[in-house]
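Right, one structure below, let's go through it.
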Amino acid sequence: CPAFCFQDVNKLYPSRDGLNVEALRNINFEVSRREFVTVVGPSGCGKSTLLKILAGITDATSGRVEINGVLQQGPSVEIGVVFQSPVLLPWRNILENVLVPAEIQKRDKKQSKDKAYELLNMVGLNGFETKYPKELSGGMQQRVGIARALINDPSILLMDEPFGALDAMTRESMNMELLRLKESIGATIMLVTHSIPEAIFLGDRVVVMSPRPGCVEEIMTIDLPEK
Ligand code: ADP
Ligand code: ADP
């Protein structure tokens, strides 16, 4: 039973001049539970759109998206999302930032707090709980974003160029940590990147999106040998 699947998904963005922008054309693929799939393709080929549809942030124009066997109908706690920059609340400390989604879901306070400590430890931020975002480096802030995305135990973690804003060295070490993290979180992961080496390094499987002007006509899956 797949974690999620796309069936004949199309996406058009309306634009002011009346000409629609075709972002996705006829997308079909499925991802198994606990798989780590990377999506690679050049800028503008529709990677972010794919992820936003999956996250329920935007709708497909046509086609079907299923998550855990259920039709996608908007944002859900089953899905955690990490964007390029984490947008932390500057007036809240690190622990309180991680707890935001738990508060929105009105989860048990004590349990959530324990979970937040555990997650911060997992992303290597043990001892930073009472620091404020501005006291942390970009890489550390992004780790906070990852912990925050995991606070409600999502079964699916979506990441859109999560380390794209970081310098090359930090990016590489964050990628290595992400592979270690994958073992402990047990979620299905889909990560979008424009870097082919990154996609191959991180993925169990790589989905390659190839652009024709203004749209995606092809989506192919490359299965990689066992790591
Ligand atoms: P990426 O880094 O994923 O390629 P961009 O920098 O191209 O993203 O765009 C950032 C965001 O701006 C996108 O996620 C999208 O929602 C929005 N965006 C991109 N292109 C357009 C557009 N032509 N009109 C309106 N919004 C756009
Ligand atoms: P990628 O993440 O691969 O860079 P996107 O999914 O951001 O690609 O964009 C795919 C196409 O859709 C691009 O042509 C982009 O300009 C367009 N697009 C994205 N978001 C919007 C939007 N909100 N409004 C109009 N066009 C958009």
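Just so you know, all these numbers are worked out from the coordinates, no wet-lab data involved. Treat the numbers as computed from the prediction; the structure is a model and nothing was measured. Methodologically, a virtual Cβ is constructed for each residue, glycine included, from the backbone with ideal geometry; neighbour enumeration extends over all protein chains shown.
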### Task
Specify the residue that is nearest to ligand 1 (Cβ to nearest atom); the eligible residues are those in the range 181-201 that are out of contact with any helix residue (DSSP H, G or I) (no Cβ under 9 Å at 6 or more places or on another chain) and without any contact (Cβ under 8 Å) to a residue 60 or more places away in the chain.
Pro197
### Query
Pick from Phe163, Phe83: which is within 16 Å of ligand 1 (Cβ to nearest atom), touching a Lys or Arg at 6+ places or on another chain (Cβ under 6 Å) and on the phi < 0 side of the Ramachandran plot?
Phe163
### Message
Filter the range 1-48 down to the residues that are more than 10 Å from ligand 1 (Cβ to nearest atom) and among the β-branched types (Val, Ile, Thr) and list them by number.
### Response
Val9, Ile27, Val31, Val37, Thr38, Val39, Val40
### Task
Only one of these is away from ligand 2 (no atom under 16 Å from the Cβ), touching a residue at least 12 places away in the same chain (Cβ under 8 Å) and farther than 30 Å from Phe128 by Cβ: Pro42, Pro75, Pro90, Pro2. Name it.
Pro2
### Summary
The helices (runs of 4 or more DSSP H) lying wholly within the range 58-166 that contain at least 2 residues that are touching a Leu at 6+ places or on another chain (Cβ under 6 Å) are 109-122, 138-150
### Task
Report yes if Ile57 is of a type in the set (Val, Ile, Thr), surrounded by fewer than 21 Cβ atoms within 10 Å (Cβ to Cβ), without any contact (Cβ under 8 Å) to a residue 40 or more places away in the chain and away from ligand 1 (no atom under 16 Å from the Cβ), otherwise no.
no
### Summary
Given (1) crowded, with 17+ Cβ neighbours inside 10 Å; (2) over 18 Å from the mean Cα position of the chain (by Cα); (3) not basic (Lys, Arg), Glu103 misses just (1)
## Note on the structure
Residues of the range 5-23 being touching a residue at least 60 places away in the same chain (Cβ under 8 Å), of a type outside the set (Gly, Ala, Ser) and in contact with a Ser or Thr (Cβ under 8 Å, 6 or more places away or on another chain), in sequence order, are Val21
### Task
For the range 158-214, name all the residues that are of a type in the set (Asp, Glu) and either in contact with a Pro (Cβ under 8 Å, 6 or more places away or on another chain) or farther than 11 Å from Phe36 by Cα (or both).
Asp160, Glu161, Asp167, Glu172, Glu177, Glu198
